[in-house]
1. On a 1.4 Å probe surface of the protein chains, which of Val137, Val183, Val8 comes out largest in accessible area, and what is the full order?
2. What is the ratio of the Cα radius of gyration of the stretch 1-82 to 2.2 N^0.38 Å, with N the residue count, to two decimals?
3. Given a 1.4 Å probe and heavy atoms of the protein chains only, how would you sort Lys196, Lys188, largest accessible area at the top?
4. How far is it, in nm, from the label point at His49 to the one at Lys188 when both lie 7 Å from their Cα along the line to the Cβ?
5. Keeping all protein chains in the complex and leaving out DNA, RNA and ligands, what accessible area do you get for Asp12 with a 1.4 Å probe, in Å² to the nearest 10?
Amino acid sequence: MTETAIRVALADDDVLLREGLASLLERSGFVVAGQAGDGSQLIALVREHEPELAIVDIRMPPDHATEGLDAARVIRAEFPDIAILVLSAHVEVEHAMDLLTSGERSGYLLKSRITDVDDFIETLRRIVRGGSVVDPVLVAELVAARRVDDPLDALSPREREVLSLMAEGRSNAGIAESLVLTVGAVEKHIQSIMSKLDLAASASDHRRVLAVLAYLQQ
């Protein structure tokens with residue numbers, strides 16, 4: 001599989017959004033294997049075509065509750081190698097965490113926060129390659145829900161910025177570029193974060209994301 005041949009299944013009951021996303025992906029070198037308007041259609045589509053990536057909305061017919069996530073769980077159970085991106089208009093902390101902590105090749109982004117097409121496309125490729133991506137808004141919700149006297153209070157403002165980007169699945173180089181720091185400075189911040197939060201260090205971006213999410217979920 002090459003990056004330009006990544007096959008994608010799309011599921012969203014908003015036809016205009018779904019068609020627009022399909023057009024964007026095709027212009028960016030992806031192959032849209034098919035589109036679905038509800039969870040059952042998505043599962044059937046994935047079983048037939050086994051794409052590398054499934055992009056799923058959380059709330060779809062018939063009840064507009066968690067149908068998308070329910071379908072994502074079925075796909076993850078049957079096809080653990082298929083990457084799954086939850087693309088939602090809503091912050092669903094509890095439900096999203098269930099999927100994100102289940103393994104690699106997963107992500108959660110808010111539709112309203114996607115403002116850079118190139119960054120979005122690179123995010124999709126990073127997920128397919130095995131990464132985990134979490135929207136900063138979700139991280140903020142998790143941080144806000146933490147208990148009083150939280151160890152996160154020990155983090156400096158810069159360390160909080162680094163932590164948020166770590167949870168997005170950014171590499172050290174990516175964090176450095178985003179914050180206009182040297183890679184060495186980022187490494188020192190991460191070492192400090194891991195020490196203050198009592199997290200085991202890891203060279204794997206995926207494990208690092210899961211460690212951060214596991215901590216925030218406590």
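The values are calculated or read from the model by the stated rules, or taken from the named source; none is laboratory data. It should be emphasised that the depicted structure is a prediction, and the values quoted were computed from it without experimental measurement. A quick note on method: Cβ atoms are made from the backbone with ideal geometry, for glycine too, and the neighbour counts reach across all protein chains shown. Calculation scope for accessible area: heavy atoms of the full protein, side chains included, ligands and nucleic acids excluded. Shrake-Rupley method; radii C 1.70, N 1.55, O 1.52, S 1.80 Å.
1. Details: Val137 40, Val183 65, Val8 0 Å².
Highest to lowest solvent-accessible surface, that is Val183, Val137, Val8.
2. So the stretch 1-82 has a normalised radius of gyration of 1.02.
3. Accessible-area ranking of Lys196, Lys188, largest first: Lys188, Lys196.
4. Taking the simple label geometry, His49 and Lys188 are separated by 4.9 nm.
5. 10 Å²
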